[in-house]
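Asks: Sharing a structure, written as structure tokens. Questions coming.
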Amino acid sequence: MTGLRLVLADDELLVRQGLRLVLELDPGLEVVGEAGDGVEAVAVTREHRPDLALLDVRMPRLDGVEAARRICADPALSGTRVVMLTTFADESLLVDAVRAGASGYLLKSMPPEDIRAAVRSAAGGQTAVAPVLVDRLLREYSGLRTDRSPLLDRLTERETDVLRQVATGRSNAEIGLALYLGEGTVKTHVASVLRKLGVRDRTQAAVAAYELGLVRPGGTD
């Protein structure tokens, strides 16, 4: 399997060193660049064009959310996904990060193996949000609409089914089992959903499903 190239940004050197050790215990993960503040994080990401940029939320000169926004808005970095790393389980920061284009939001207190797994999931286009934060994210976006959005009319019936499954955080394989579809077919449907909704990745697609009223916490309709 081809290794994943990462950029790691945190204003505390010891934290960066520790995270680097945690990540590179997986031989398929390589930290190719580090940054100590948000401005440097954007510059280092543009220099290395990694598969994934892991950004601390709170950094000097430019906070992680704004750094994520600049990275995600840069056409030259369309192949780079962003995951926020923080010690703060802050609901508003989580929402801001997703709106900025982040594909995940992880707590530094998560077990090392969970951080590595989430990094791989995010790089592969999966949702990567710390479990303790999922309910907060859904509460923020649920109930915003009571009517069906016309945006959902762009989707076929099967694409709508797939989007409901994506909103639960299921992988392509799990969706395939639930809907009796091949994994390749699911991948094609997911790509079509992202394109039609105009979202960057599965995390934003899941948010869109709740924001548009397609699904709600504890249910699928």
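Asks: Return only the number of the condition from (1) modelled with pLDDT of 95 or more; (2) buried (at least 17 other Cβ atoms within 10 Å of the Cβ); (3) at negative phi that Met59 does not satisfy.
Replies: (1)
Asks: Can you confirm whether Glu24 is free of Cβ contacts under 8 Å to residues at least 24 places away in the same chain and under 17 Å from Val119 (Cα atoms)?
Replies: yes
Asks: Continuing with this model, one more query. Among the listed residues Gly28, Gly18, which satisfies the condition of being surrounded by fewer than 17 Cβ atoms within 10 Å (Cβ to Cβ), closer than 16 Å to Ser121 by Cα and modelled with pLDDT of 90 or more?
Replies: Gly28
Asks: Just the residues that are exposed (fewer than 15 other Cβ atoms within 10 Å of the Cβ) and modelled with pLDDT under 90, please, taken from region 185-201.
Replies: Gly198
Asks: So Asp11 fits all but one of (1) over 16 Å from Leu107 (Cβ atoms); (2) modelled with pLDDT of 95 or more; what number is the exception?
Replies: That leaves (2) as the condition not met.
Asks: Of the residues that sit in region 82-99 and are closer than 20 Å to Gly33 by Cβ and hydrophobic (A, V, I, L, M, F, W, C), which one is surrounded by the most Cβ atoms within 10 Å (Cβ to Cβ)?
Replies: Val82
Asks: Return a yes/no flag: does region 110-133 have any residue that is surrounded by fewer than 18 Cβ atoms within 10 Å (Cβ to Cβ), of a type in the set (Val, Ile, Thr), within 20 Å of Tyr210 (Cα to Cα) and modelled with pLDDT under 80.
Replies: Checking region 110-133: at least one residue is surrounded by fewer than 18 Cβ atoms within 10 Å (Cβ to Cβ), of a type in the set (Val, Ile, Thr), within 20 Å of Tyr210 (Cα to Cα) and modelled with pLDDT under 80.
Asks: If I go through region 166-213 residue by residue, how many of them are of a type in the set (Lys, Arg), under 19 Å from Gly104 (Cα atoms) and assigned to a helix (DSSP H, G or I)?
Replies: Within region 166-213, residues that are of a type in the set (Lys, Arg), under 19 Å from Gly104 (Cα atoms) and assigned to a helix (DSSP H, G or I) number 1.
Asks: Please work out which one of (1) part of a helix (DSSP H, G or I); (2) within 17 Å of the chain's Cα centre (by Cα); (3) surrounded by fewer than 18 Cβ atoms within 10 Å (Cβ to Cβ) is the condition Gly79 fails and give its number.
Replies: (1)
The values are calculated or read from the model by the stated rules, or taken from the named source; none is laboratory data. The shown structure was predicted, so the numbers you read here are calculated from the model rather than taken from an experiment. Because the Cβ atoms are built from the backbone with ideal geometry, glycine has one as well, and the counts that use them run over all protein chains shown.
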